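Visitor: This is the structure I have questions about; it appears just below.
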Amino acid sequence: MTATTQKSTIAYFRWAFLFTFAGLILGGWLGWAMTGTVPGTLSILFIVAVLSVLEISLSFDNAIVNANKLKTMTPEWQQRFLTWGILIAVFGMRIVFPVLIVVIAAKIGPIEALVLAGSNPERYAEIMHDAHLPIAAFGGTFLMMVALNFFFDHEKDVHWIRRLEAWAVRYASIRGIEVAVVLVFLILFSRLQLAADAATFLRAGVWGLLTFLLVEVLGGVLDRKQQALKGAAQGGLGAFLYLEVLDASFSFDGVIGAFALSQNLYVIAIGLGVGAMYVRSMTIMLVEKGTLTQYQFLEHGAFYAILVLSVIMYTQTLVHIPEVITGLGGAALIGIALWSSVRFNRRMAAAAE
């Protein structure tokens, strides 16, 4: 085994392994406290493991997009994202976010929401599921903008699915075309909703669109100020904010879907938190090893997966789609993109001989 291989399996994932160990201990303790039996404890540990795998499968494309954005950031802001950012991702999105939803939806205080999560998890889960429609509209809209912003780029010169991507580049010069496409999807799906839900869906989607645009504008302003002060040519606070909102959008689906496996907030937080640590480790590995440069279609596969995920989030407001299908679909697209990259590299190597 080479040093590079050892680093990829040990150094990059060391903290993820430690977090997994701590998560299993905490999950075991929680399972015993909840059930008082060995089978009950093992059941909780199994749910923690499944939630971790679910989070990894749903967020693998997130890691690729994170790595792509991190390349443009200064080392200082890269480190801040990989430390502060992961704390926000694990504790903010996996614990604070579900509590905040219940606080807003049930119009109760944060302490009451935490008590409700422990004393009446069925009611807590019911409130979470009732809030799924606006969350899906908001997150789906934001992710669709992220994906379309990648494809409608007039400077993009590497294409995986050439005919489709070349068409997008050809029309990229039309100002606001990605916004128009998103609005068409938003209006179409709002018309498919029940009459009582249409306005809620449309309003949440518009907020998702505005959030993307505001983050882009704010990011540009902040980074320009940073460049003026430091002479830096790389992203900083603006890119950090963009990645945090992006991670939140990816987390919506996983957090809501987790309640189908467990109604206990703390079990969900442990399982999704463990998965988030692996996403962080994968992000670091992709940046440091230059994997996106080596496999040039991998990034394309991630953005196709994001586009598909955004449509799935819209569709989930009409019919239930199991999260395992969402995760496997994204992983399959990325796997095909990786395979295409390997084939392309072999063809280039053969042509150079």
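Visitor: Taking ALA305 and the conditions (1) farther than 13 Å from ASP61 by Cβ; (2) at pLDDT 80 or above, which numbered condition does it fall short on, given that it satisfies the others?
Guide: That leaves (1) as the condition not met.
Visitor: Just wondering, is there one or more residues in the stretch 96-108 that are free of Cβ contacts under 8 Å to residues at least 40 places away in the same chain, open to solvent by less than 60 Å² (accessible area, probe 1.4 Å), more than 14 Å from the chain's Cα centre (by Cα) and closer than 27 Å to GLY329 by Cβ?
Guide: Yes: one or more hits.
Visitor: Would you pick out the residues in the stretch 35-64 that are at pLDDT below 75, over 16 Å from ILE268 (Cα atoms) and open to solvent by less than 50 Å² (accessible area, probe 1.4 Å)?
Guide: ASP61, ASN62
Visitor: Residue by residue through the stretch 130-169, note down the ones that are in a helix (DSSP H, G or I) and out of contact with any helix residue (DSSP H, G or I) (no Cβ under 7 Å at 6 or more places or on another chain).
Guide: Within the stretch 130-169, ARG162, ARG163, LEU164, ALA166, TRP167, VAL169 qualify.
Visitor: Which of the residues that make up the stretch 297-353 are among the polar types (S, T, N, Q) and under 14 Å from the mean Cα position of the chain (by Cα)?
Guide: SER310, THR326
Visitor: Separate question: Take SER310 and decide whether it is at pLDDT below 85 and touching a helix residue (DSSP H, G or I) at 6+ places or on another chain (Cβ under 7 Å).
Guide: no
To keep it simple, each residue is scored yes or no on (1) assigned to a loop (DSSP other than H, G, I, E, B); (2) in contact (Cβ under 8 Å) with a residue 12 or more places away in the chain.
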| residue | (1), (2) |
| --- | --- |
| ILE268 | no, yes |
| MET277 | no, yes |
| ILE284 | no, yes |
| THR293 | no, no |
| GLN296 | yes, yes |
| LEU309 | no, yes |
| THR317 | yes, yes |
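Visitor: Follow-up question, since we're still on this one. Does any residue of the stretch 88-102 turn out to be touching a Pro at 6+ places or on another chain (Cβ under 7 Å) and assigned to a helix (DSSP H, G or I)?
Guide: The answer is yes; a qualifying residue exists.
Conditions (1) modelled with pLDDT of 85 or more; (2) assigned to a helix (DSSP H, G or I); (3) not hydroxyl-bearing (Ser, Thr, Tyr), marked per residue:
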| position | (1), (2), (3) |
| --- | --- |
| SER190 | yes, yes, no |
| THR200 | yes, yes, no |
| VAL206 | yes, yes, yes |
| LEU210 | yes, yes, yes |
| LEU229 | no, yes, yes |
| ALA239 | no, yes, yes |
| VAL245 | no, yes, yes |
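Visitor: While we're on this one: Among the residues of the stretch 187-205, how many are among the hydrophobic types (A, V, I, L, M, F, W, C) and in contact (Cβ under 8 Å) with a residue 60 or more places away in the chain?
Guide: 5
Visitor: Check GLY290, GLY273 and return the single one that is at pLDDT 70 or above and surrounded by 22 or more Cβ atoms within 10 Å (Cβ to Cβ).
Guide: Result of the check over GLY290, GLY273: GLY273.
Visitor: Within the stretch 68-79, is even one residue open to solvent by less than 60 Å² (accessible area, probe 1.4 Å), outside any helix (DSSP H, G or I) and touching a helix residue (DSSP H, G or I) at 6+ places or on another chain (Cβ under 6 Å)?
Guide: yes
Visitor: Quick one: what pairs do we get from the stretch 65-87, first residue within 16 Å of LEU246 (Cα to Cα), second acidic (Asp, Glu), C-beta under 7 Å, 6+ apart or different chains?
Guide: Once the first residue is within 16 Å of LEU246 (Cα to Cα) and sits in the stretch 65-87, its partners that are acidic (Asp, Glu) give ASN68/GLU299; GLY85/GLU244.
The values are calculated or read from the model by the stated rules, or taken from the named source; none is laboratory data. The structure presented is a predicted model; accordingly, all values stated were derived computationally and were not measured. Glycine also receives a Cβ, built like all others from the backbone with ideal geometry; neighbour counts cover every protein chain displayed. Please note that ligands, DNA and RNA were not included when accessible areas were found on the heavy atoms of the full protein model with its side chains. Shrake-Rupley method; radii C 1.70, N 1.55, O 1.52, S 1.80 Å.
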